[in-house]
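What follows is one structure encoded as structure tokens, with my remarks underneath.
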Amino acid sequence: MKKYVINGKFLADRMQGIVRYARELTKALDKCLDGDIEVTLLIPNDAKNIPDLKKIKVEEIGKHTGMVWEQTDLRKYLKKHKDVICINFCNICPLFVQPGITTIHDIMYKVNPQDYKTFRNRLSRYWHMFQYWYIARHEKAITTVSNFSKGEIEKYYPRARGKITVIPNGWQHVLEYKESPDWQERYPFLKPKEYFFSLSTLSRNKNGKWIIENAKYNPDCVYAIAGKYYETDKLDIPENVHMLGFVSDEDACALIKNCKAFIHPSLYEGFGIPPLEALALGAEVIASNATALPEVLGESVRYIDPSDFQVKLDDVVKQTIADSSYVLDRYSWENSAKKLHDLI
């Protein structure tokens, strides 16, 4: 019987798109295993919210945490168990062990060097670029989340050609969200269907600055931005923009369901989970026409040019679009897990 292990470092990481992908795909894979392979989820000692798995075994290994765990404890395990293949869902794989399967969600660090100016960000960029190079040359197989990302990887890393399988995100996890019944008590300045909402940052890639500038152009509209944001002291935040910081899944669900439209003006995306989640929750979506977003969202959303903030969003919302089912029917964690199972 073939043996696989899943790099479970993501269970100790803060929730973000790639962590969501790893969690949901692991859970869906657990449901479609049919006894022909053996899979173990290896986790560090600071793992949290471990999913209830029926067929995938869970094993805690090592004494370290974070990247050190990944490159020492996990690597030591793989060196000892040379008959197993490691599956890595989050752009990084342990070095100098037997070839495995690694997901590269996008190669933003490679193609957008201008976005990484601090010393820490530059170190992260160099580390990820080395990983891209190593994965393209070393791994048995590579997965990614869109045809756009596949093309980008093959363009910059030709050694990856012939190795890449597209295994996209799903959206069904939003069905588990419970809308906060008292969300308006925390956000009394947001009236149902009278505000534009975004889960974003003010980092250049996510293009949160577009929302700020668009708000200045539309002073009579109300905007709310949730999530971690940077350099707000360098931006003139107008009074019609509310910076909410991190919000719970329950509040995010309520804010999405009750907004006039969900805005996602990103400059570079390998996939784009937030606008797909918003579609699944019944929101109107306005997205950037850049990179993978048109491929993923099809004709079920309205598009804006992420370089042009002089747009009247009330007019954009009036545009006719296709029903959201045309997009939602294309993606599911179950189908993605079946693709991974077939690859394995």
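The numbers here are math on the coordinates, done by the rules we state, and not lab data. All figures in this text were calculated on a predicted structure; none of them were measured in a lab. No Cβ is skipped: glycine too gets one built from the backbone with ideal geometry, and neighbour counts run over all protein chains shown.
Assigning unit charges at the beta carbon (Lys, Arg +1; Asp, Glu -1) and nothing else, what dipole magnitude in debye, to the nearest 20, does the stretch 173-328 show about its Cα centre? It would help to have the intermediate numbers written out before the result.
Values: 15 positive and 24 negative charges, 37 e Å.
Charge dipole of the stretch 173-328: 180 debye, to the nearest 20.
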### Task
Please give, to one decimal in nm, the separation of the simple spin-label points placed at F119 and E59, each 7 Å out from Cα toward the Cβ.
4.0 nm
## Note on the structure
Between the Cα axis of helix 208-217 and the main Cα principal axis of the chain, the angle (0 to 90°, nearest 10) is 10 degrees
### Query
When the chain is modelled as a GNM with alpha-carbon springs shorter than 10 Å, which of L190, L313, L235 fluctuates the most?
L235
### Message
Under a crude label model (7 Å from the Cα following the beta-carbon direction), how far is K193 from D220 in nanometres?
### Response
1.8 nm
### Summary
Surrounding charge for I286, neighbours by C-beta under 14 angstrom, Lys/Arg +1, Asp/Glu -1, total -2
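Taking R0 as 22 Å, what's the FRET efficiency between Q98 and C32 from their Cβ-Cβ distance, rounded to 0.05?
Working: r = 25 Å, r/R0 = 1.12.
Working from the Cβ atoms, E equals 0.35.
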### Summary
Most fluctuating of Y156, Y223, Y132 in the GNM of the chain (C-alpha, under 10 Å) is Y156
## Note on the structure
Taking the dipole of the chain about the Cα centre (Lys, Arg +1; Asp, Glu -1; charges at Cβ), the one of A160, G245, S149 that reaches farthest to the positive side is A160
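Which entries of K2/K27; K79/K140; K31/K155; K117/K209 have Cα-Cα distances beyond 23 Å here?
On the way: K2/K27 19 Å; K79/K140 16 Å; K31/K155 35 Å; K117/K209 17 Å.
K31/K155, as the Cα separations exceed 23 Å there.
Relative contact order, percent, of the chain when contacts are C-alpha pairs under 8 Å separated by at least 6 residues?
15 percent
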### Query
Which length gain, in nm to one decimal place, applies between F246 and D83 when the Cα-Cα distance is subtracted from 0.36 nm times their residue separation?
54.4 nm
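If you stretched the chain out fully between N205 and D329, how much longer would it get, using 0.36 nm times the residue separation minus the C-alpha to C-alpha distance? Don't skip to the answer; put the middle values down first.
Numbers: separation 124, 0.36 × 124 = 44.64 nm, distance 2.81 nm.
Length gained between N205 and D329: 41.8 nm.
Which trypsin sites (Lys or Arg not before Pro) does the stretch 282-344 hold that lie in a coil by DSSP with at most 10 other beta carbons within 10 Å? Write down the numbers at each step before the final one.
Numbers: sites: R302, K312, K318, R330, K338, K339; in loops: K312, K318, R330.
Passing sites in the stretch 282-344 are K318.
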### Query
GNM, the chain, Cα, under 10 Å: largest mean-square fluctuation among N214, N112, N289?
N112
### Query
Which value in Å does the Kirkwood hydrodynamic radius of the stretch 173-328 take, with 1/r averaged over all unlike C-alpha pairs and then inverted?
15.5 Å
### Message
Which one, H173, L281, Y187, is farthest towards the positive end of the dipole of the stretch 173-328 when Lys and Arg carry +1 and Asp and Glu -1 on their Cβ?
### Response
Y187
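What FRET efficiency comes out for the pair D305/N112, r = Cβ-Cβ distance, R0 = 25 Å, nearest 0.05? List each step's numbers first, then the result.
On the way: r = 18 Å, r/R0 = 0.72.
Efficiency, from the Cβ-Cβ distance: 0.90.
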### Message
Going by Cα centres, the stretch 142-189 and the stretch 217-288 are how many Å apart?
### Response
17 Å
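Given +1 on the Cβ of Lys and Arg, -1 on the Cβ of Asp and Glu, and no further charges, what dipole in debye does the chain carry about its Cα centre, rounded to the nearest 20?
Working: 48 positive and 45 negative charges, 344 e Å.
With only Lys, Arg, Asp and Glu charged at Cβ, the dipole is about 1660 debye.
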## Note on the structure
Placing +1 on each Lys and Arg Cβ and -1 on each Asp and Glu Cβ in the stretch 173-328, then taking the dipole about the Cα centre, the residue among S307, L293, C259 whose Cα reaches farthest towards the positive end is S307
#### Entry: Cα-based helix-to-principal-axis angle, 147-156 vs the chain, degrees rounded to 10
60 degrees
### Query
Which angle from 0 to 90°, rounded to the nearest 10, does the C-alpha axis of helix 333-343 make with the longest principal axis of the chain?
30 degrees
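Using the beta-carbon distance between E176 and K155 and R0 = 41 Å, what value does 1/(1 + (r/R0)^6) give for FRET efficiency, to the nearest 0.05? Don't skip to the answer; put the middle values down first.
Values: r = 37 Å, r/R0 = 0.90.
Efficiency at R0 = 41 Å is approximately 0.65.
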